[in-house]
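I have placed the structure first, in the form of structure tokens, so that the comments after it can refer back to it.
The values are calculated or read from the model by the stated rules, or taken from the named source; none is laboratory data. If you're wondering where the values come from, they're calculated on a predicted model, not measured in any experiment. Backbone-built Cβ (ideal geometry, glycine too); neighbour counts: all protein chains shown.
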């Protein structure tokens, strides 16, 4: 009933998913140009924004248009102008990311302005969706906090940009720390909050208290306070937050009704293991390994795992459900091509292993194969949009 009442148009959600997958592939080439010996280099910033804004946030924003209304049991504040905003978002991310990578200041300025406007549009409508919210569960609270983190992340990012180009005179390092903290906080709160809904749902586990998930968010907030005083203690608090969430997720997977491994739970497991490696390398001299495991291990595998579940369900609901009882309809599991999904997992793991042993180009080739196979599966899933057209003739 909730989906029938509050579902946004699929072209909005699907549009963000397609954009995200395309930026994911582009980010692999941008990674080649990043200089992790100088984390503040423009090329590094360009890669980070192409990946996080282009891929991660595209998938998250697309999902939030659907999941926010489901979790809050009320419609998203407004979707008026959302399609236009998606177009602006794509142009802004391209201009900003490639402007940084290729040191084109004028393009970077245009991208920064458009990106600020586009993200603030989403931020405000997302935050206003919580007005008169009657739901007081853990997921709703985590999503509300994430909206505040995103607004703060954008504000710190804008100040950082203005300071970088000499328009403001602030402590650059402190601004950078808090920009990263709030943006990652938005992603972390979304992942923990949404995982409290999706992991039990897909694993068929019930009656969970989410004590470890709540603890992880407390430690993440503590890490933000500690950033003002001691970077090492802040990192330690962040690692504890991450480990609490990982343990919670592993316990849910352990309790799952269906014990067989599939492309969903294998990807989730890989993402959690990759996050442990990220925590191990974050304070080492090989910051590039930490970044690779965070971006192409944890975030990539975790998002793909749930994309394989969310995208088929949304397309099935919008385009196939009306034909139930009238003709033979595909099951959700039939919409994902299994062999490419498992091969993509293999090449993702191969990429992570190769990068640890400093075989950088082999790692990136493996990663490109993996992402291409994921893109193939997404295209295959989207082909089911035509199901209704075929059966209405």
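General remarks:
- Residue within region 199-216 that is over 15 Å from the mean Cα position of the chain (by Cα) and closer than 18 Å to residue 154 by Cα present: no
- So residue 20, is it touching a helix residue (DSSP H, G or I) at 6+ places or on another chain (Cβ under 6 Å), at pLDDT below 95, crowded, with 20+ Cβ neighbours inside 10 Å and under 19 Å from residue 301 (Cβ atoms): no
- Residues in region 69-93 that are touching a residue at least 40 places away in the same chain (Cβ under 8 Å) and in a helix (DSSP H, G or I): 10 in all.
- Scanning region 358-368 for residues that are part of a helix (DSSP H, G or I) and either surrounded by fewer than 17 Cβ atoms within 10 Å (Cβ to Cβ) or modelled with pLDDT under 95 (or both) yields a count of 5.
- Checklist (1) surrounded by fewer than 17 Cβ atoms within 10 Å (Cβ to Cβ); (2) over 22 Å from residue 20 (Cβ atoms); (3) modelled with pLDDT of 95 or more applied to residue 324, failing item: (3)
- Scanning region 323-357 for residues that are assigned to a loop (DSSP other than H, G, I, E, B), in contact (Cβ under 8 Å) with a residue 24 or more places away in the chain and over 21 Å from residue 262 (Cα atoms) yields 326, 329.
- Scanning region 225-272 for residues that are over 17 Å from residue 185 (Cα atoms), surrounded by 16 or more Cβ atoms within 10 Å (Cβ to Cβ) and without any contact (Cβ under 8 Å) to a residue 24 or more places away in the chain yields a count of 2.
- In region 211-287, counting only helices (runs of 4 or more DSSP H) that sit wholly within it, the ones holding 2 or more residues that are at pLDDT below 90 span 231-254, 263-281.
- Within region 1-12, the set of residues being outside any loop (DSSP other than H, G, I, E, B), at pLDDT 80 or above and closer than 11 Å to residue 76 by Cβ comprises just one member, 12.
- Residue ID - surrounded by the fewest Cβ atoms within 10 Å (Cβ to Cβ), chosen from residues in region 142-171 that are touching a residue at least 40 places away in the same chain (Cβ under 8 Å) and within 15 Å of residue 220 (Cα to Cα): 145
- For residue 32, the criteria (1) farther than 27 Å from residue 192 by Cβ; (2) modelled with pLDDT under 90; (3) assigned to a helix (DSSP H, G or I) hold in every case but one, which is (2).
- Test: residue in region 289-303 that is part of a helix (DSSP H, G or I), touching a helix residue (DSSP H, G or I) at 6+ places or on another chain (Cβ under 7 Å), modelled with pLDDT of 90 or more and more than 30 Å from residue 37 (Cα to Cα): no
- The test for being crowded, with 16+ Cβ neighbours inside 10 Å, farther than 30 Å from residue 212 by Cβ and within 23 Å of the chain's Cα centre (by Cα) holds for residue 112.
- The number of residues in region 327-349 being crowded, with 21+ Cβ neighbours inside 10 Å and farther than 30 Å from residue 53 by Cβ comes to 0.
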